[in-house]
1. Are there any pairs, at least 6 apart or on different chains, whose C-beta atoms fall under 8 Å, with the first in region 32-53 and over 14 Å from L84 (Cβ atoms) and in the same structural domain as K19 (by TED's automatic domain parsing) and the second of a type in the set (F, W, Y) and modelled with pLDDT under 90, and if so, which?
2. Being in a helix (DSSP H, G or I), charged (D, E, K, R) and under 14 Å from V27 (Cα atoms) narrows it down to one of D70, D79, so name that one.
3. I'd like to check something: does region 68-83 contain any residue that is modelled with pLDDT of 65 or more and over 20 Å from K53 (Cα atoms)?
4. Out of region 26-67, which residues are part of a loop (DSSP other than H, G, I, E, B), in contact with a helix residue (DSSP H, G or I) (Cβ under 6 Å, 6 or more places away or on another chain) and over 15 Å from K97 (Cβ atoms)?
5. With the structure loaded, tell me whether K96 is in the same structural domain as C20 (by TED's automatic domain parsing) and either within 17 Å of K19 (Cα to Cα) or modelled with pLDDT under 75 (or both) or whether it fails that test.
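The values are calculated or read from the model by the stated rules, or taken from the named source; none is laboratory data. It should be emphasised that the depicted structure is a prediction, and the values quoted were computed from it without experimental measurement. Cβ sites come from the backbone with ideal geometry, for glycine too, and all protein chains shown count toward neighbours.
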Amino acid sequence: MNKFKDKPKPDREESFKPKCLLTDRQVAFTATGYIVPCCWVDNLWAWKNPKIKEFYNPKWHIDKHDSVTDIMQGKNFNDWWEMLKKKPKEAPDICKKYCGSSIEDKVTKDDTYVVTPTIIKRLKKNTDFTKKHKFITKGEIKK
């Protein structure tokens, strides 16, 4: 079992309220040139979900479009919003994890860094930093 997998708490699925639909939460522009529904879906484990993975399809790369609006009015985003509105139970687990709470909650993302074992040893000396973030090696990422 992958102990790093993003799973919603059981009570969060029932209280799921997509902040990307119900608040002024903005889409995210990734460092790799893609537009995604929010920053929380831009992580290693979320990419494995087929609904999220589609946002990283090269046909949706910013270089292939004239504007962000072209991407956001495209089929991928339209299908995403429809799914959240009409079939919220089909939303990826990561969405339920971060949006399975009160709209007013200030949920923060725990960052996970993929680093070498040597770096992990060095970081253990900085306890304040390691308390706030997770560090794993490539070998710990499950496919």
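1. Note: pairs meeting the criteria are W45/F4; A46/W40; K53/W47.
2. Values: D79 fails: under 14 Å from V27 (Cα atoms).
Only one candidate qualifies: D70.
3. Looking for residues that are modelled with pLDDT of 65 or more and over 20 Å from K53 (Cα atoms), one finds none in region 68-83, hence no.
4. We begin by selecting, within region 26-67, every residue part of a loop (DSSP other than H, G, I, E, B); these are 26-27, 30-34, 37-38, 42-45, 49, 57, 61, 65-67.
Filter again for in contact with a helix residue (DSSP H, G or I) (Cβ under 6 Å, 6 or more places away or on another chain), leaving 33-34, 37-38, 65.
G33, Y34, H65, listed by residue number.
5. Numbers: in the same structural domain as C20 (by TED's automatic domain parsing): yes; either within 17 Å of K19 (Cα to Cα) or modelled with pLDDT under 75 (or both): yes.
Spelling it out, K96 is indeed in the same structural domain as C20 (by TED's automatic domain parsing) and either within 17 Å of K19 (Cα to Cα) or modelled with pLDDT under 75 (or both).
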